[in-house]
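Read-outs: derived from the displayed coordinates by stated rules, not from any lab. All values reported here derive from a predicted model rather than from experimental measurement. Backbone-built Cβ (ideal geometry, glycine too); neighbour counts: all protein chains shown.
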Amino acid sequence: MAITLRDDGPVAEVVVDVPPVNALKARTWHELAETITRAGESARVVVLRAEGRGFNAGVDIKEMQATEGHTALIAANRGCYAAFAAVYDCAVPVIAAVHGYCLGGGVGLAGNADIVVASDDAYFGLPEVDRGALGAATHLARLVPQQLMRAMVYTCRNVTARELHTFGSVLEVVPRDKLRDTAMEVAAQIADKDPYVIRRAKESLNGIDPVDVKRSYRFEQGFTFELNLMGAGDRHRDRFVEGS
């Protein structure tokens, strides 16, 4: 399996299932973007969740290191950009149901979601500095306060779902076996509203956002490419692959 869409009612489910750790190849990021956009065309709410050990482990670094030149890096950058933008631009609210690890690209997805619910084993982090890359601080800044975001980027430390709940960026923290039900309950509350009004509400909230998340993230990606050109990217990614 990879990306599936269940849209037989007012709530559409987009499910990521890419063993072993939900680290996505470039083409899968694009597939995810297309699926989220399609889900928002007819549904009233979209729930984005995952199967397996964790919500998302970011890009597939092994794919990147197995490809000559810069094509894999560019493809991954474009794929992540498309997926994060699809969540943000989805015509209806997107609820991210996060379990286990939510790292790198996972933070990009959750940070752009309208609502986040999480299991009590969930944690969030950006290991980018240890991978010779940068990115998704734009989205992390939507989940944690500014100084904590900076500390997380510099040190690669993680935060738990319970910590995010205290900030209000995670709506509910529940046992793992209650996560899907909780996400669907929140989705049902939204789906019960006037669908035209909800779509306009999503549009209006994006319109008053103080940060252009797409432009901000694209700026970050430029530094990832610089690090790659200077050799830091390959050096750290090779170290990661060798240690895995």
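Taking helices (runs of 4 or more DSSP H) as the structural unit, those lying wholly within the stretch 165-244 and holding at least 3 residues that are under 20 Å from Ala96 (Cα atoms) and either in contact with a strand residue (DSSP E or B) (Cβ under 9 Å, 6 or more places away or on another chain) or not small (Gly, Ala, Ser) (or both) correspond to 179-191, 195-207, 213-229. Restricting attention to the stretch 38-71, the residues that are small (Gly, Ala, Ser), in contact with a helix residue (DSSP H, G or I) (Cβ under 9 Å, 6 or more places away or on another chain) and over 19 Å from Val21 (Cα atoms) total 2. Provide a single number: the residues in the stretch 34-49 that are surrounded by fewer than 23 Cβ atoms within 10 Å (Cβ to Cβ) and in contact with a Cys (Cβ under 9 Å, 6 or more places away or on another chain). Looking only at that region, the number is 1. Residue check: Glu68 meets all listed conditions (1) closer than 21 Å to Arg235 by Cβ; (2) in contact with a Cys (Cβ under 8 Å, 6 or more places away or on another chain) but one, namely (2).
Scanning the stretch 111-147 for residues that are among the hydroxyl-bearing types (Ser, Thr, Tyr), out of contact with any Pro (no Cβ under 9 Å at 6 or more places or on another chain) and assigned to a strand (DSSP E or B) gives a single hit, Tyr123.
Quick one: in the stretch 114-152, of everything that is among the small types (Gly, Ala, Ser) and crowded, with 24+ Cβ neighbours inside 10 Å, which residue is nearest to the chain's Cα centre (by Cα)?
So in the stretch 114-152, the residues among the small types (Gly, Ala, Ser) come out as 118-119, 122, 125, 132-133, 135-137, 141, 151.
Right, trim to crowded, with 24+ Cβ neighbours inside 10 Å and you get 118, 122, 133, 135-136.
Working: Ala118: 13, Ala122: 13, Ala133: 16, Gly135: 12, Ala136: 9 Å.
Filtering the stretch 114-152 for residues that are among the small types (Gly, Ala, Ser) and crowded, with 24+ Cβ neighbours inside 10 Å, the one nearest to the chain's Cα centre (by Cα) comes out as Ala136.
When Arg239, Arg235 are screened for being in contact with a Gly (Cβ under 8 Å, 6 or more places away or on another chain), farther than 30 Å from Ile115 by Cα and surrounded by fewer than 16 Cβ atoms within 10 Å (Cβ to Cβ), only Arg235 passes. Could you list all residues from the stretch 91-103 that are crowded, with 24+ Cβ neighbours inside 10 Å and within 22 Å of Ala137 (Cβ to Cβ)? The answer is Val94, Ala96, Val98, Cys102, Leu103.
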